[in-house]
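The values are calculated or read from the model by the stated rules, or taken from the named source; none is laboratory data. This is a predicted model, so every value here is computed, not measured. Cβ coordinates were reconstructed from backbone atoms using ideal geometry, including for glycine residues, and neighbour counts include every protein chain displayed. Surface areas here come from the heavy atoms of the whole protein model, side chains and all, with no ligands, DNA or RNA. Shrake-Rupley method; radii C 1.70, N 1.55, O 1.52, S 1.80 Å.
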Amino acid sequence: MTYTASQYFGARNLLMNCAQASPGETVLIAHEPADLGYYDNRVVDCVASAAEGLGMVAKSLNVGFDSQARALPDKVVQAFDSADVIVFFARLGDQLRFSQMPEGKRIVVSYALCPDMLGSGFGTAHHDAFLRLKDAVNSAVVSAKNVHVTCPRGTDYTGQPQLKLTTGSDTTIRRFPMSVPTPIPAHSFSGRVAMPGFLTGTGSQYYTPYTVEFQGEVFALFEQGRLTGFEGDAESVAVANRHYDHVADSLGIDRDFVHSWHAGIHPGCGFPGQARDSYERWGGAGFGNPRVLHFHTCGGYAPGEISWNVIDPTVTLDGVKLWDNGRLRVDNLQDSSEIMDMFPCAAQTFARPDDRIGL
């Protein structure tokens, strides 16, 4: 297959800057079947070709898809033994992103689902730039005394961030591209969150129905990290309650637990197509755009099982807007000018953001 220079550039960014792979190392590409419609497997071939061009040994393994995956299958663990780097183009890696992965391996989960995403600003902007931006956002949150979040639909919640940057506060894998900061615990926040017309899953477990849509306006009310109810259109509120009852009862989890939240930091994260064509794909790739802030709810663990999605959030830290109507204000971040000067490719994505979020 033939790929563009920018697509190869994105593949090299994944391999060299995210996975830190070197010539002579073995890269195992763990993928799921293309006919499932989630990943475009041309992206697997593109990364394998780039790896071989960089002097690496590329291998691939079909790891399938298990809607209730709790651990890596034995055949996958065995395949890991002979690899230095593992790249997941499979939901399995995302499902287990908060789980324990084998030690001594560099494991990457790709949120670039197709060659076009890999070759866009999402895939080609230097990975290190967004690692630094993530750290800068985390530092701003840690030092803030009050955070206030609103959106045009009526979201309005506030609290004192109690973010502790420990080993267990984030995932155990490398994400490519890096597009969100560390989740902020919700136990010290209260208010209301406007739903964008649906509730959908988090990519942890794939239950049925995975998504419910609303005909009317719905707000989720929460107090100190606990869902206290829904308000809005009566019929739509009933749909939301039935969905929470169903998911919590079928999985045996804490229905009203609101675990954490964070917003996207990568303006190159454009979602091709419409969310309602596949909410599974949308939830697995579109969250990195600064126009989307999402909560992990239903279940006392990250990432929970039902996400709340806030569109075009304004996030104010001690009176200073860090996100402003869906735009990450890097100019309000400490050391951001140094990061933008060091990585002009990242600066370019902020100058020309991709506003496609599938909604």
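Of the residues P115, P181, P102, the single one that is touching a helix residue (DSSP H, G or I) at 6+ places or on another chain (Cβ under 7 Å) and without any contact (Cβ under 8 Å) to a residue 60 or more places away in the chain is P102. Please verify whether segment 284-294 includes one or more residues that are open to solvent by 10 Å² or more (accessible area, probe 1.4 Å), modelled with pLDDT of 95 or more, closer than 30 Å to F89 by Cα and in a strand (DSSP E or B). Yes, segment 284-294 contains a residue that is open to solvent by 10 Å² or more (accessible area, probe 1.4 Å), modelled with pLDDT of 95 or more, closer than 30 Å to F89 by Cα and in a strand (DSSP E or B). From (1) more than 17 Å from the chain's Cα centre (by Cα); (2) closer than 27 Å to D135 by Cα, pick out the condition that doesn't hold for H259. Of the numbered conditions (1) more than 17 Å from the chain's Cα centre (by Cα); (2) closer than 27 Å to D135 by Cα, the odd one out for H259 is (1). The strands (runs of 3 or more DSSP E) located wholly in segment 149-264 include none with 3 or more residues which are open to solvent by 20 Å² or more (accessible area, probe 1.4 Å) and under 30 Å from I107 (Cβ atoms). Among the residues of segment 324-350, those identified as under 17 Å from G268 (Cα atoms), out of contact with any Ser or Thr (no Cβ under 6 Å at 6 or more places or on another chain), outside any helix (DSSP H, G or I) and open to solvent by 10 Å² or more (accessible area, probe 1.4 Å) are R327, L328, R329, F343. Scanning segment 8-37 for residues that are in contact (Cβ under 8 Å) with a residue 40 or more places away in the chain and either assigned to a strand (DSSP E or B) or of a type in the set (D, E) (or both) gives E25, T26, V27, L28, I29, A30, H31, E32. M1 falls short on exactly one of the conditions (1) open to solvent by 10 Å² or more (accessible area, probe 1.4 Å); (2) under 30 Å from A302 (Cα atoms); (3) among the hydrophobic types (A, V, I, L, M, F, W, C); (4) not in a strand (DSSP E or B), and that condition is (2). Taking first residues from segment 300-316 that are among the aliphatic types (A, V, I, L, M) and partners that are at pLDDT below 95, the Cβ contacts under 6 Å between residues at least 6 apart in sequence or on separate chains come to A302/F98.
Looking across segment 85-105 at every residue that is over 19 Å from the mean Cα position of the chain (by Cα) and open to solvent by 10 Å² or more (accessible area, probe 1.4 Å), the one that is modelled with the highest pLDDT is identified as K105. Do we find that D40 is of a type in the set (D, E), touching a residue at least 40 places away in the same chain (Cβ under 8 Å) and either in contact with a Cys (Cβ under 7 Å, 6 or more places away or on another chain) or closer than 24 Å to P23 by Cβ (or both) in this structure? So D40 passes the test. Residues in segment 54-84 that are at pLDDT below 90, among the hydrophobic types (A, V, I, L, M, F, W, C) and surrounded by 15 or more Cβ atoms within 10 Å (Cβ to Cβ): F65, A69, L72, V76, A79, F80.
Across segment 115-148, the qualifying residues are those that are part of a loop (DSSP other than H, G, I, E, B) and within 20 Å of F350 (Cα to Cα), and the one among them that is least open to solvent (accessible area, probe 1.4 Å) is A125.
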